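Engineer: The structure under discussion is supplied below as structure tokens; questions concerning it will follow.
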């Protein structure tokens with residue numbers, strides 16, 4: 001069973017990434033900035049995540065959701081997109097990500113857009 005891998009876009013609060021890493025140190029959760037891709041458009045982020053097998057996590061609820069749904073409808077696809085509002089508590093978001101990581105397989109998230117926390 002391959003575990004999901006994650007990619008935080010520039011919009012996601014870094015404290016969420018840190019919280020996830022504290023809760024589960026073995027999780028593969030990169031940020032677009034850490035990968036040297038700062039300034040990437042949402043389209044670039046989704047394309048990169050798809051090619052690298054990473055689920056995108058973002059606060060950019062409106063534009064990222066619409067873009068991901070368009071890519072899915074056009075057959076371009078996404079590896080998976082998890083969206084969360086800025087106001088959601090860090091701990092709840094982090095716990096949801098760790099739950100997804102521990103309870104699902106990587107391929108289950110292909111062409112899916114979901115909101116967290118659950």
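Engineer: Tell me which residues, restricted to the range 1-20, are surrounded by 15 or more Cβ atoms within 10 Å (Cβ to Cβ), under 19 Å from residue 88 (Cβ atoms) and either modelled with pLDDT under 95 or in contact with a strand residue (DSSP E or B) (Cβ under 9 Å, 6 or more places away or on another chain) (or both).
Structural biologist: Hits for the range 1-20 are 6, 7, 8, 9, 10, 11, 12, 16, 17, 20.
Engineer: Mind listing just one residue for me: the one in the range 106-118 that is outside any helix (DSSP H, G or I) and either modelled with pLDDT of 95 or more or touching a strand residue (DSSP E or B) at 6+ places or on another chain (Cβ under 6 Å) (or both) and, of those, nearest to residue 16 (Cα to Cα)?
Structural biologist: Result: 116.
Engineer: I need a count of the residues in the range 83-99 that are within 15 Å of residue 14 (Cβ to Cβ) and in contact with a helix residue (DSSP H, G or I) (Cβ under 6 Å, 6 or more places away or on another chain).
Structural biologist: Final tally of qualifying residues: 5.
Engineer: So, in the range 83-97, of the ones that are under 12 Å from the mean Cα position of the chain (by Cα) and outside any loop (DSSP other than H, G, I, E, B), which residue ends up surrounded by the most Cβ atoms within 10 Å (Cβ to Cβ)?
Structural biologist: 97
Engineer: Exactly one of (1) closer than 19 Å to residue 4 by Cα; (2) in contact (Cβ under 8 Å) with a residue 12 or more places away in the chain is unmet by residue 40. Its number?
Structural biologist: Among (1) closer than 19 Å to residue 4 by Cα; (2) in contact (Cβ under 8 Å) with a residue 12 or more places away in the chain, the lone unmet condition for residue 40 is (1).
Engineer: Just checking, which of 66, 75, 102, 80 is more than 18 Å from residue 15 (Cβ to Cβ), touching a residue at least 40 places away in the same chain (Cβ under 8 Å) and surrounded by fewer than 15 Cβ atoms within 10 Å (Cβ to Cβ)?
Structural biologist: From the options 66, 75, 102, 80, the qualifying one is 102.
The values are calculated or read from the model by the stated rules, or taken from the named source; none is laboratory data. Remember, it's a predicted structure, so these values are computed and weren't measured experimentally. Heads up, the Cβs are rebuilt from the backbone with ideal geometry, glycines too, and the neighbour counts pull from every protein chain shown.
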